[in-house]
Amino acid sequence: MPHIELAVPIALGVGLAAATGFRVFLPMLIVSAAAYTGHLPLGENFAWLGTPSALIMLSVAALVEILAYYIPGVDNLLDILATPAAVVAGTLVTAAVITDLPPMVKWTTAVIAGGGVAGLTQSVIALLRAKSTILTGGIGNPVIATAELGGSLLVSLLALAAPLIALLVVALFLWLAIRLIRQIMRGAPPLDSQERQ
């Protein structure tokens, strides 16, 4: 199999995994809808994702998750649960869309690349939300929630349409988010001065 044919499903999986770092259930809902309508082939062990019951369940879960992130205080609590959930969801969606690799390679890629990028994305978002809560008293959190929702939707749809471009968008987002966090952290006093007090 040519390298580009291997790169596309891996980029699709990693792009969808990154989207689960923004919102856990929305990318899974998009995968479910795409599989249900026949636009996305899934691995045989993941055919359940393309069923009507999975579509209904994920629709309800995505709606509840979206609304819950707009409730002050609940958003920060959800971040505690969302980080491990994003790793699991990122691993699952990556494994579901990588159909042409041997199981060992598929699951290694799913766990390391898919789960890793989902966990990293969610961790960056959780840190940004925590800083927003501290700096704005939570008033800025709905802006972050809206950006997360848009990011999850954009990256999910882009991953389905142009997986390699989606991967570049994810890399750009993570680079920008890490720069933003560094700027925010520079405003905090150094650890040495905190320990002396």
Of residues in segment 45-87 being touching a residue at least 40 places away in the same chain (Cβ under 8 Å) and among the hydroxyl-bearing types (Ser, Thr, Tyr), the one surrounded by the fewest Cβ atoms within 10 Å (Cβ to Cβ): TYR70
Single residue of VAL117, VAL60, VAL64, VAL88 found to be in a helix (DSSP H, G or I), over 18 Å from LEU29 (Cα atoms) and not basic (Lys, Arg): VAL117
Boolean, VAL155 is of a type in the set (A, V, I, L, M, F, W, C) and crowded, with 20+ Cβ neighbours inside 10 Å: yes
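Is at least one residue of segment 181-191 surrounded by 13 or more Cβ atoms within 10 Å (Cβ to Cβ), on the phi < 0 side of the Ramachandran plot, of a type in the set (A, V, I, L, M) and at pLDDT below 90? Write out each step before concluding.
First, the residues of segment 181-191 that are surrounded by 13 or more Cβ atoms within 10 Å (Cβ to Cβ): 181, 184.
Now narrow it down to the ones that are on the phi < 0 side of the Ramachandran plot: 181, 184.
From the residues that got through so far, the ones that are of a type in the set (A, V, I, L, M) too are 181, 184.
Checking which are at pLDDT below 90 leaves us with 181, 184.
Yes, because at least one residue in segment 181-191 is surrounded by 13 or more Cβ atoms within 10 Å (Cβ to Cβ), on the phi < 0 side of the Ramachandran plot, of a type in the set (A, V, I, L, M) and at pLDDT below 90.
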Single condition VAL169 does not satisfy, out of (1) within 19 Å of PRO27 (Cβ to Cβ); (2) surrounded by 21 or more Cβ atoms within 10 Å (Cβ to Cβ); (3) over 12 Å from the mean Cα position of the chain (by Cα): (2)
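For the subset of segment 1-44 comprising residues that are among the β-branched types (Val, Ile, Thr) and free of Cβ contacts under 8 Å to residues at least 12 places away in the same chain, which member is nearest to ALA147 (Cα to Cα)?
Residues of segment 1-44 that are among the β-branched types (Val, Ile, Thr), as a first pass: 4, 8, 10, 14, 20, 24, 30-31, 37.
After this cut, where a residue has to be free of Cβ contacts under 8 Å to residues at least 12 places away in the same chain as well, the list is 4, 37.
On the way: ILE4: 31, THR37: 28 Å.
Residue satisfying both the conditions and the ranking: THR37.
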Residue list for segment 1-58, filter: within 13 Å of ALA96 (Cβ to Cβ) and of a type in the set (Asp, Glu): GLU44
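For (1) modelled with pLDDT under 95; (2) at positive phi; (3) under 20 Å from the mean Cα position of the chain (by Cα), each residue gets a yes or a no:
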position	(1), (2), (3)
ASN45	yes, no, no
PRO52	no, no, no
ALA62	no, no, yes
LEU67	no, no, yes
ASN76	yes, no, yes
LEU81	yes, no, yes
PRO84	yes, no, yes
Any hit, segment 14-37, residues being outside any helix (DSSP H, G or I) and over 21 Å from LEU174 (Cβ atoms): yes
Residue satisfying all of: in segment 127-160; at pLDDT below 90 and of a type in the set (Gly, Ala, Ser); farthest from PHE25 (Cα to Cα) among these: GLY137
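The values are calculated or read from the model by the stated rules, or taken from the named source; none is laboratory data. Note that the coordinates shown come from a computational prediction; the quantities given were computed from them, not determined experimentally. Every residue, glycine as well, gets a Cβ built from its backbone with ideal geometry; the counts of neighbours run over all protein chains shown.
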